[in-house]
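The values are calculated or read from the model by the stated rules, or taken from the named source; none is laboratory data. What you see is a predicted model, and the numbers here were worked out from it, not measured in a lab. Please note: Cβ atoms are built from the backbone with ideal geometry, for glycine as well, and neighbour counts cover all protein chains shown.
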């Protein structure tokens, strides 16, 4: 059965909605500053994907519990160096950045031993998965929260990852099994939650997203680049157990500290804020990441 763990008190307590009560809370910066080593987790290097660009590195954490077949195929592509020398072919304003082989047909690069088609993994059974839920009047799901640090939604029977900023998805055509991980995208704009359960999400960016979100926008339809000169080169993509040490840490989402972080994001009491709001939505509380070196 779906395991739900409440990590935040209901927002119906009227006293919490006052500026006075908000003033009693730590700010977001103070909460993060007070975190201890046990409040952070080190991602499994075998579930990290490292994209090297000419200007820096983008690190992504994959969510094998939600999309095991797609993640396995992506791992095969990375291990066989499929992505090396390919390109970012699309940057759509307030939406996504996408990379793939620009060549098509007979000129396209071989997928090697990776599968050409992979079954879609838009959602999974909610049995045997624990979601640390948050109180949010979500427009797309009755239950929202975090599963192993990934933003997750559920209807009580199924669970799925959500299209928040920085999430990584498998591009596809009209056929639901036409995605195989050889073309991936990252959300670089406002959360397009209408895509939930229509595309396989496989993870999220932990660091380096500014290298993607700052790319020049494509001038073609849907933000595709129209000439080869516009493409952004990919030097390589490797799995983390080959390409990096375990220097990144992600804030755990199953702790009292995260509950306080969530409160601080809900009832903002920094000097600039006039109204503490008293509400939050899933994509506004993505867990922080730090460099532990």
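The table below gives the values:
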| item | result |
| --- | --- |
| Counted residues, region 46-89 - those being touching a helix residue (DSSP H, G or I) at 6+ places or on another chain (Cβ under 6 Å) and at positive phi | 1 |
| Residues (closer than 21 Å to residue 145 by Cα, out of contact with any helix residue (DSSP H, G or I) (no Cβ under 6 Å at 6 or more places or on another chain) and either in a loop (DSSP other than H, G, I, E, B) or touching a residue at least 60 places away in the same chain (Cβ under 8 Å) (or both)) located in region 270-287 | 279, 281, 282, 283, 286, 287 |
| Residue list for region 239-269, filter: modelled with pLDDT under 95, touching a strand residue (DSSP E or B) at 6+ places or on another chain (Cβ under 8 Å), in a loop (DSSP other than H, G, I, E, B) and closer than 26 Å to residue 133 by Cβ | 268 |
| Test for residue 222: is it assigned to a helix (DSSP H, G or I) and buried (at least 19 other Cβ atoms within 10 Å of the Cβ) | no |
| Residue ranges of strands (runs of 3 or more DSSP E) in region 81-161 with at least 2 members at pLDDT below 95 and under 27 Å from residue 215 (Cβ atoms) | none |
| Test set (1) closer than 29 Å to residue 174 by Cβ; (2) surrounded by fewer than 17 Cβ atoms within 10 Å (Cβ to Cβ); (3) over 13 Å from the mean Cα position of the chain (by Cα) - residue 290 fails condition number | (1) |
| Enumeration of residues in region 67-80 that are in a loop (DSSP other than H, G, I, E, B) and under 20 Å from residue 187 (Cβ atoms) | 67 |
| Filter result for the condition that a residue is out of contact with any strand residue (DSSP E or B) (no Cβ under 8 Å at 6 or more places or on another chain) and crowded, with 18+ Cβ neighbours inside 10 Å, over 114, 100 | 114 |
| Criterion violated by residue 64 - all others in (1) farther than 15 Å from residue 182 by Cα; (2) in a helix (DSSP H, G or I); (3) without any contact (Cβ under 8 Å) to a residue 60 or more places away in the chain satisfied | (2) |
| Index of the failed condition, residue 108 passing every other in (1) without any contact (Cβ under 8 Å) to a residue 12 or more places away in the chain; (2) under 22 Å from residue 54 (Cβ atoms) | (2) |
